[in-house]
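Step one of this worksheet: look at the structure below.
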Amino acid sequence: MPRKAKEKKLRGVFEREKGSGIFWVRFVDLDGKRKSRCIGNFSDAVNFYEAERVRIWKRILAPIASHKGIRYGQLVDEALRFSEASHPDQRGFAQRLERTRAQFGHRMADSITPAEIAEWFSNMLVRRKWTPATVNRYRAAMSKAFKIGIQNGRVTVNPARLVP
């Protein structure tokens, strides 16, 4: 039986769980802090590690990853608080937002595109046999959540507004 080719051992590249095929990179950055990143396959991890070594050797500052933003689920929470105070159809509005939270709640709100929303609506038209009026109500609820987020300065765009 032929042996499986072993990956060359490289300092700083490792598998956290042996045999998983998911490789991590560990290095010390310019600020002296030890950092680790989950990269994926071995060759990508080696490439990332080599690029980081060169960047650190040349003393080039790494671009700062922006974690600003808000998840769609948090927008839904804000919209539900608004709904308690001033929305006439609180129960229906809350049900619609909860169903959209189940679909998009884990996503960053700025990363949701109108095409994804439209695709989800078309799937619901077929799978759940929604009527066009139901789709309009869900679109209006999502749009209101984004609109409240824009008013509070949490997001910059309203992708639900662009869904036909």
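The values are calculated or read from the model by the stated rules, or taken from the named source; none is laboratory data. Keep in mind that this is a model prediction, so the values were computed, not measured. Ideal geometry is used to build each Cβ from the backbone, glycine not excepted, and the neighbour counts take in all protein chains shown.
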Scope the stretch 144-153; condition in a helix (DSSP H, G or I) and more than 19 Å from the chain's Cα centre (by Cα); matching residues: Lys144, Lys147, Ile148, Gln151
Here is a list: Ile150, Ile112. Which entry is outside the structural domain of Lys35 (by TED's automatic domain parsing), touching a helix residue (DSSP H, G or I) at 6+ places or on another chain (Cβ under 8 Å) and among the hydrophobic types (A, V, I, L, M, F, W, C)? Ile112
Log entry, pairs with first residue in the stretch 138-162 being of a type in the set (D, E, K, R) and surrounded by fewer than 19 Cβ atoms within 10 Å (Cβ to Cβ), second being modelled with pLDDT of 90 or more and in a helix (DSSP H, G or I), beta carbons closer than 7 Å, six or more apart or on different chains, reads Arg154/Leu75; Arg161/Ser143
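Just the residues that are closer than 18 Å to Pro159 by Cβ and more than 17 Å from the chain's Cα centre (by Cα), please, taken from the stretch 69-87. Don't jump to the end; show me each part of the working.
Taking the stretch 69-87 and keeping what is closer than 18 Å to Pro159 by Cβ, we get 69-76, 78-79.
Of everything in the stretch 69-87, those that are closer than 18 Å to Pro159 by Cβ and more than 17 Å from the chain's Cα centre (by Cα) turn out to be Glu78, Ala79.
Taking helices (runs of 4 or more DSSP H) that do not extend beyond the stretch 1-115, which have at least 2 residues that are more than 30 Å from Lys144 (Cβ to Cβ), charged (D, E, K, R) and at pLDDT 85 or above?
Once the helices (runs of 4 or more DSSP H) in the stretch 1-115 are filtered for at least 2 residues that are more than 30 Å from Lys144 (Cβ to Cβ), charged (D, E, K, R) and at pLDDT 85 or above, what remains is 42-57.
Looking at the stretch 81-110 only, could you name the residues that are of a type in the set (Gly, Ala, Ser) and touching a residue at least 40 places away in the same chain (Cβ under 8 Å)? Quick ask: steps written out before the conclusion?
Pass one, the stretch 81-110, residues of a type in the set (Gly, Ala, Ser): 83, 85-86, 92, 94, 102, 105, 109.
Across the stretch 81-110, the qualifying residues are Gly92, Ala109.
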